[in-house]
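Engineer: First, the structure itself, so that you have it in front of you.
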Amino acid sequence: MIEAHFVLEGRLEVRLRVFLVLAVFLVSGCSVDQVRVEQQLAPLPDEGALYQLHSSASVKARNVRTVELRRDTHWRLLGSIEKGQVFEPIDQVVTVNGFNVHEAYIVVREGRVIGYYLPYEKSFVEAEPVKIDLAENGE
């Protein structure tokens with residue numbers, strides 16, 4: 001009877017260890033958020049020009065879902081941050097979904113989306129650079 005008790009105790013101990021390891025992985029996976037860098041927006045002195053996206057693009061940042069920028073959507077140039085120019089969507093909602101959901105604007109440098117500007121957090125989230133066809137309205 002004593003031997004059976006030790007075997008049962010050993011199985012419970014193994015199950016408890018497995019449970020604890022799985023719980024740590026689950027909790028750590030849920031707490032992952034995107035890496036943000038604080039950035040201050042330098043707004044334009046006047047209302048920025050309107051731009052149109054002539055082809056769709058998929059933008060992917062670390063630890064967040066891919067965002068599809070739709071063809072023929074309109075964007076307003078708001079200003080710039082250290083990383084590039086900031087464009088606010090006019091007719092498309094852009095959000096960055098990690099652990100939390102954040103409203104986002106695209107940041108463009110040299111014809112590529114390089115990340116997102118989060119206006120309420122005043123921060124930048126880096127993305128894999130994606131070439132886009134964004135032209136000022138009328139061009």
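The values are calculated or read from the model by the stated rules, or taken from the named source; none is laboratory data. Treat the numbers as computed from the prediction; the structure is a model and nothing was measured. Using ideal geometry, Cβ is built from the backbone for each residue, glycine included, and neighbour counts are taken over all protein chains shown.
Engineer: Look through E88, E128 and report the one residue that is acidic (D, E), at pLDDT 95 or above and touching a strand residue (DSSP E or B) at 6+ places or on another chain (Cβ under 6 Å).
Structural biologist: Within the list E88, E128, the selection yields E88.
Engineer: Please determine, by comparing only the residues of region 59-110 that are aromatic (F, W, Y) and closer than 19 Å to K122 by Cβ, which one is farthest from the chain's Cα centre (by Cα).
Structural biologist: F87
Engineer: Can you name every one of the strands (runs of 3 or more DSSP E) wholly within region 46-139 that holds 1 or more residues which are acidic (D, E)?
Structural biologist: It comes to 67-69, 84-89, 101-103, 123-131, 134-136.
Engineer: Checking G98 against (1) more than 22 Å from V64 (Cα to Cα); (2) in contact (Cβ under 8 Å) with a residue 24 or more places away in the chain, which test does it fail?
Structural biologist: Only one criterion is unmet by G98, namely (1).
Engineer: Restricting attention to region 91-125, which residues are more than 14 Å from Q39 (Cα to Cα), at pLDDT 95 or above and crowded, with 22+ Cβ neighbours inside 10 Å?
Structural biologist: The answer is V108, V113.
Engineer: Scanning region 80-90 for residues that are touching a Gly at 6+ places or on another chain (Cβ under 9 Å) and surrounded by 17 or more Cβ atoms within 10 Å (Cβ to Cβ), which turns out nearest to A135 (Cα to Cα)?
Structural biologist: That would be F87.
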